[in-house]
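A quick write-up on the structure given underneath.
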Amino acid sequence: MNSRVRPSLLAALVLTAPLMACARSPDASTSPAAQAAPTAVPATPSTPLVSGLPDFTRLVEQVGPAVVNIEARIGPRQAARGRGGMPDDEQIPEIFRRFFGPDFPGMPGQPGQPGQPEPDGPSGRSLGSGFIISPDGYILTNHHVVDGADSITVRLSDRREFTAKLVGSDETYDVALLKVDGKGLPVLRQGHSSAIKPGQWVVAIGSPLGLDQSVTAGIVSAVGRTGGPGQQYVPFIQTDVAINRGNSGGPLLNTSGEVVGINSQILSNSGGYMGVSFAIPIDLAMGAAEQIKKGGKVSRGMLGVQIQGIDATRARAMGLADNDGALVNSVEPDSAAERAGIEVGDVITSVNGRPVATSADLPPMIGMLPPGSKVKLGVIRDGRTRELAVTLGELPSDAQRASTGQDDEDAGPADTSSSVAKLGLRVAELDAAARRELGLEKGEGVAIAGVSGSEAREAGLQPGMAILRVGRTPVGSVADLERQLRSARPGDAVMLLMRSPSGNTSFVALTVGSGD
């Protein structure tokens with residue numbers, strides 16, 4: 001019987017102990033004073049558990065008032081839909097035509113890009129961002145945000161609204177200058193985009209998806225990026241800052257609160273942010289704005305050459321120490337380059353002492369200079385370095401169009417030679433009609449009749465193209481070509497200047513023996 005009672009007694013004791021603990025007071029003889037609530041002690045800020053991370057609070061407080069929201073109203077002709085509910089080509093947002101080209105899958109009507117016109121009843125609107133650059137109301141934004149607008153409304157962070165006038169814009173740089181009537185407006189300080197380096201912190205403020213004064217931050221991923229067709233004159237700043245539709249035209253800021261770029265584009269397969277964003281350097285944008293303010297348009301310097309990059313094979317064929325520079329493959333008649341003595345096969349290595357690391361560096365360097373500027377070009381010719389003085393011409397407005405693709409026309413019966421065959425090519429004489437189609441003079445060029453070598457195919461050589469030079473030496477017949485190639489030994493790299501049916505001229509480097 002005792003053995004049955006003991007477990008029950010233990011259980012009762014265990015259950016009772018917590019209840020007693022809950023009922024017990026600190027003092028048996030409790031008083032009202034003792035039962036009063038404890039006095040609140042002012043809380044002290046907790047020590048951060050993570051230190052050393054950037055805090056952009058002060059920066060945003062100082063520069064935020066100068067960042068504006070922009071709404072551009074577009075008339076029915078811009079907002080009208082084409083057949084099948086898809087926009088016409090002219091209605092496709094500028095950013096898609098610029099970055100993805102006409103063949104990008106699903107481009108017509110693709111949502112989610114900065115500045116894309118959106119249907120809004122009988123009209124449309126483009127939402128973007130901008131920033132004030134002068135107390136009297138000059139504002140910078142993107143061209144594609146206000147392109148085709150019938151009216152433009154600017155909203156400040158304090159909810160004031162202004163009707164803006166479009167002073168002017170430039171499609172190539174994607175920059176637009178607006179003006180509102182105001183005095184004593186907050187402004188952003190201009191930084192120097194030339195001082196930006198990969199790895200530095202940057203901040204974006206804008207109105208993504210209509211959410212005004214949104215702040216995102218990241219780092220500079222790269223500088224000097226070139227965009228799609230027609231954008232070779234803009235050395236974009238690439239960042240991983242989150243940019244979405246509506247951020248276009250807003251500022252990219254350094255940690256000093258200075259604007260170093262204008263957020264312009266994203267690279268995305270989904271239509272939304274994927275970690276690759278691009279900004280227009282502020283040095284370029286402010287230069288364009290000053291020209292627009294003074295003359296209503298932007299003028300760019302022009303050299304008058306076609307250029308291409310230098311890879312390891314081309315560098316070896318030309319006896320160059322490295323792959324730096326821009327290889328000249330065509331010189332326009334009566335151009336600044338021709339007057340200065342620049343020749344096909346020259347390698348441009350510097351502009352006014354600034355190195356040209358790749359061929360993509362040269363167009364923005366020249367384009368940023370006004371027509372009539374006198375510049376000094378560092379050039380390598382036949383292995384020797386020289387300096388040429390050039391007075392720049394003016395780039396015509398249609399000079400930024402992208403070249404078309406190559407055709408696949410046959411060039412007639414083949415006349416094969418052993419030296420040419422070792423490059424993986426079959427060649428033939430060009431007749432007068434073929435020369436006219438290629439824009440060549442009498443005695444210029446040799447036709448490609450067939451391509452058998454893998455290296456030649458990978459280089460893009462096709463029947464219908466013409467070989468104009470071997471290295472720096474022109475060739476006008478199959479016999480000329482054979483003589484120039486006769487001394488080349490297996491393993492040597494040979495430079496060929498090619499002309500495509502579309503009129504493009506470029507150098508191609510092939511290895512002797514690659515056609516075996």
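Among the conditions (1) surrounded by fewer than 23 Cβ atoms within 10 Å (Cβ to Cβ); (2) modelled with pLDDT of 95 or more; (3) in contact with a Phe, Trp or Tyr (Cβ under 8 Å, 6 or more places away or on another chain); (4) of a type outside the set (S, T, Y), the only one that L177 does not satisfy is (1).
Scanning region 247-288 for residues that are within 18 Å of G128 (Cα to Cα) and more than 17 Å from the chain's Cα centre (by Cα) turns up L253, V259.
If you scan region 215-247, which residues turn out to be among the aliphatic types (A, V, I, L, M) and in a strand (DSSP E or B)?
Residues of region 215-247 that are among the aliphatic types (A, V, I, L, M), as a first pass: 215, 217, 219-220, 222-223, 234, 237, 241-243.
Of everything in region 215-247, those that are among the aliphatic types (A, V, I, L, M) and in a strand (DSSP E or B) turn out to be V215, A217, I219, V220, A222, V223, I237.
Note on region 312-365: among residues that are charged (D, E, K, R) and within 22 Å of the chain's Cα centre (by Cα), the one that is surrounded by the fewest Cβ atoms within 10 Å (Cβ to Cβ) is R354. Among the residues of region 201-214, is there at least one that is assigned to a loop (DSSP other than H, G, I, E, B), in the same structural domain as P251 (by TED's automatic domain parsing), over 21 Å from S299 (Cβ atoms) and without any contact (Cβ under 8 Å) to a residue 24 or more places away in the chain? Scanning region 201-214, I find no residue that is assigned to a loop (DSSP other than H, G, I, E, B), in the same structural domain as P251 (by TED's automatic domain parsing), over 21 Å from S299 (Cβ atoms) and without any contact (Cβ under 8 Å) to a residue 24 or more places away in the chain, so the answer is no. Each residue in region 420-446 was checked for being within 38 Å of the chain's Cα centre (by Cα) and on the phi > 0 side of the Ramachandran plot, and 3 of them qualify. Residues in region 53-74 that are closer than 13 Å to V202 by Cα and in a helix (DSSP H, G or I): L59, V60.
For beta carbons closer than 6 Å, sequence separation of 6+ or different chains, a first residue in region 447-465 that is at positive phi and a second that is among the aliphatic types (A, V, I, L, M), the qualifying pairs are G464/A411. The condition (being more than 20 Å from I307 (Cα to Cα), at pLDDT below 85 and either of a type outside the set (D, E, K, R) or assigned by TED's automatic domain parsing to the domain that holds S335 (or both)) is satisfied by just one residue among S403, S373, S397, S418: S418. Restricted to region 153-189, and to residues there that are among the acidic types (D, E) and free of Cβ contacts under 8 Å to residues at least 60 places away in the same chain, the residue that is nearest to S214 (Cα to Cα) is E161. Candidates in region 466-510 are the residues that are polar (S, T, N, Q) and touching a residue at least 24 places away in the same chain (Cβ under 8 Å); of these, the one that is surrounded by the fewest Cβ atoms within 10 Å (Cβ to Cβ) is S502.
Condition check ((1) modelled with pLDDT under 90; (2) of a type in the set (G, A, S); (3) more than 27 Å from G372 (Cα to Cα)) across all residues:
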site	(1), (2), (3)
P229	yes, no, no
V241	no, no, yes
N263	no, no, yes
G275	yes, yes, yes
T313	yes, no, yes
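Does region 183-200 include one or more residues that are outside any loop (DSSP other than H, G, I, E, B) and either under 14 Å from V145 (Cα atoms) or touching a Phe, Trp or Tyr at 6+ places or on another chain (Cβ under 7 Å) (or both)? For region 183-200, residues outside any loop (DSSP other than H, G, I, E, B) and either under 14 Å from V145 (Cα atoms) or touching a Phe, Trp or Tyr at 6+ places or on another chain (Cβ under 7 Å) (or both): absent. Restricting region 437-461 to residues that are part of a loop (DSSP other than H, G, I, E, B) and of a type in the set (D, E, K, R), the residue that is modelled with the highest pLDDT is E444.
Of all residues in region 219-235, none satisfies the criterion of being under 23 Å from I132 (Cα atoms) and surrounded by fewer than 23 Cβ atoms within 10 Å (Cβ to Cβ).
So in region 475-514, with the set limited to residues that are in a loop (DSSP other than H, G, I, E, B) and touching a helix residue (DSSP H, G or I) at 6+ places or on another chain (Cβ under 6 Å), which one is modelled with the lowest pLDDT? Break it down into steps so the answer makes sense when it comes.
Narrowing region 475-514 to residues in a loop (DSSP other than H, G, I, E, B): 475-477, 486-492, 500-504, 512-514.
Still in the list and also touching a helix residue (DSSP H, G or I) at 6+ places or on another chain (Cβ under 6 Å): 475, 486, 514.
Numbers: V475: 91, R486: 82, S514: 61.
Within region 475-514, the match that is modelled with the lowest pLDDT is S514.
The values are calculated or read from the model by the stated rules, or taken from the named source; none is laboratory data. Quick caveat: nothing in here was measured; it's all calculated off a predicted structure. Backbone-built Cβ (ideal geometry, glycine too); neighbour counts: all protein chains shown.
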